[in-house]
Amino acid sequence: MKYDPIKDRLGDLASRHPLLQRLLFGLLNLLFLRAWYVRRAVRRLLGARPVDRPARVLDAGTGFGQYAYFVARTFPDAQVRAVDVKREYLERARTFVDQTPQADRVDWAIDDLTALQSEGPFDLILAVDVMEHIPDDEAVFEHFERVLRPGGHVIINTPSDQGGSDVQDEGDESFIGEHVREGYGRAELADKLRAAGLEPVRGLYTYGPYGAAAWRGLIKWPMQMLGATWASLLALPFYYAAALPLGLLLNATDVKRDNARGTGLFMVARRPPTPESRNGGSGGP
């Protein structure tokens, strides 16, 4: 059973009531290690911004919309544009956020990142588990550079080329479908960003030995249980009661380590600031 159909089924179930949607977002933030890295970086970048100008954020490939909601809820002055090519994702996310106090600070649009129509300038772009789905990644990076404000940042989270798409052996089919590449190497991704005019400022391998163990225990095995039978949904609370403390400890350990290798890759890059932005003009965070 593939990961994506199970994920989509869970998203559809959660969309039936706002409380279920909040629960889903809370679980995504808690269980998925990538959310720990992304949320930490967003807080650092937007928290360091000058207060005289509201931040503009592009959630590029918003999916379920949890990061757009997180930014709008955490930073009341931020304006978020959330885009995706999947209309059903956007409609579910918008339906939920429209029922929250953040409704007027998030706008939603169908937009293809390889032919980006959304107008900048943006202070921050989020591309979380998106680039592994797009063949023409170089075009996407060029659009990111175009719509970023000078000094603005882009956060990219993606599988690495060290098993990030969960291909175990040569010739095996990935548990995680819809990927057009198995992942990036850190130097490879940095070079592609530089070619588009973006300056890498931080690159980390994530899902090292501890994070990878947490992924299996907190995500993969429960997903496989649901893939076998949806009746296992009744057993998952008991499973997580036993697995959650260790899984969270493993996630926390991964975040604190400098992983020499890992199945995930986390990269922060920026559009180089202009002399005006360095002097406090139109610069980003």
| query | Is it the case that Val85 is modelled with pLDDT of 90 or more, farther than 28 Å from Asp258 by Cβ, open to solvent by 20 Å² or more (accessible area, probe 1.4 Å) and of a type in the set (Val, Ile, Thr)? | reply | yes
| remark: Scanning region 150-162 for residues that are open to solvent by less than 30 Å² (accessible area, probe 1.4 Å) and touching a Ser or Thr at 6+ places or on another chain (Cβ under 6 Å), the one farthest from Asp77 (Cα to Cα) turns out to be Ser160
| request: Please find, within region 94-143, the residue that is surrounded by the fewest Cβ atoms within 10 Å (Cβ to Cβ) out of those that are touching a residue at least 60 places away in the same chain (Cβ under 8 Å) and acidic (Asp, Glu). | output: Asp129
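Counting just the residues of region 264-283 that are of a type outside the set (A, V, I, L, M, F, W, C) and modelled with pLDDT of 95 or more, which one comes out surrounded by the fewest Cβ atoms within 10 Å (Cβ to Cβ)? Outline the logic, then answer.
Initially, region 264-283 is screened for residues of a type outside the set (A, V, I, L, M, F, W, C), giving 264, 270-283.
Right, trim to modelled with pLDDT of 95 or more and you get 264, 270-272.
Values: Gly264: 26, Arg270: 24, Arg271: 27, Pro272: 13.
The selected residue is Pro272.
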| said: Criterion first (surrounded by 16 or more Cβ atoms within 10 Å (Cβ to Cβ) and either within 15 Å of Met223 (Cβ to Cβ) or over 16 Å from the mean Cα position of the chain (by Cα) (or both)) does Gly47 satisfy it? | reply: no
| task | Could you check Thr158 against (1) under 22 Å from Arg40 (Cβ atoms); (2) part of a helix (DSSP H, G or I) and say which number it fails? | result | (2)
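Among the residues of region 166-205 satisfying the criterion of being at positive phi and either open to solvent by 70 Å² or more (accessible area, probe 1.4 Å) or out of contact with any strand residue (DSSP E or B) (no Cβ under 9 Å at 6 or more places or on another chain) (or both), which is modelled with the highest pLDDT? Quick ask: steps written out before the conclusion?
If we filter region 166-205 for residues that are at positive phi, which is where we start, we get 166, 171, 178, 183, 197.
This time we only want the ones that are either open to solvent by 70 Å² or more (accessible area, probe 1.4 Å) or out of contact with any strand residue (DSSP E or B) (no Cβ under 9 Å at 6 or more places or on another chain) (or both), so: 171, 178, 197.
Values: Gly171: 45, Glu178: 68, Gly197: 97.
Among those residues, the one meeting the criterion is Gly197.
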| query | Which residues, taken from region 62-75, are open to solvent by 10 Å² or more (accessible area, probe 1.4 Å) and among the β-branched types (Val, Ile, Thr)? | reply | Thr74
| field | Count of residues meeting criterion [in a helix (DSSP H, G or I) and either open to solvent by 30 Å² or more (accessible area, probe 1.4 Å) or acidic (Asp, Glu) (or both)] in region 221-249 | value | 19
| note | Screening Asp59, Asp52 for residues that are acidic (Asp, Glu) and either surrounded by 15 or more Cβ atoms within 10 Å (Cβ to Cβ) or in contact (Cβ under 8 Å) with a residue 24 or more places away in the chain (or both) leaves only Asp59
| task | State all residues of region 14-27 that are buried (at least 20 other Cβ atoms within 10 Å of the Cβ) and under 17 Å from Met223 (Cβ atoms); if no residue qualifies, say none. | result | Ala14
| Using beta carbons and a limit of 9 Å, which pairs, at least six apart or on different chains, have the first residue in region 266-285 and over 30 Å from Ala35 (Cβ atoms) and the second one at pLDDT below 55 and among the hydroxyl-bearing types (Ser, Thr, Tyr)? | Thr274/Ser282; Glu276/Ser282
| query | Limited to region 192-220, what total is found for residues that are among the hydrophobic types (A, V, I, L, M, F, W, C) and outside any helix (DSSP H, G or I)? | reply | 4
| said: Quick test of your reading of the structure: Gln224 fulfils all but one of (1) closer than 30 Å to Glu182 by Cβ; (2) modelled with pLDDT under 90; (3) touching a Gly at 6+ places or on another chain (Cβ under 9 Å). Name the failing condition by number. | reply: (3)
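The values are calculated or read from the model by the stated rules, or taken from the named source; none is laboratory data. Every value quoted in this text rests on a predicted model; they were computed, and no experiment measured them. Every residue, glycine among them, receives a Cβ derived from its backbone with ideal geometry; neighbour counts consider all protein chains shown. To get the accessible areas, we keep the full protein, side chains included, count just its heavy atoms, and leave off ligands, DNA and RNA. Shrake-Rupley method; radii C 1.70, N 1.55, O 1.52, S 1.80 Å.
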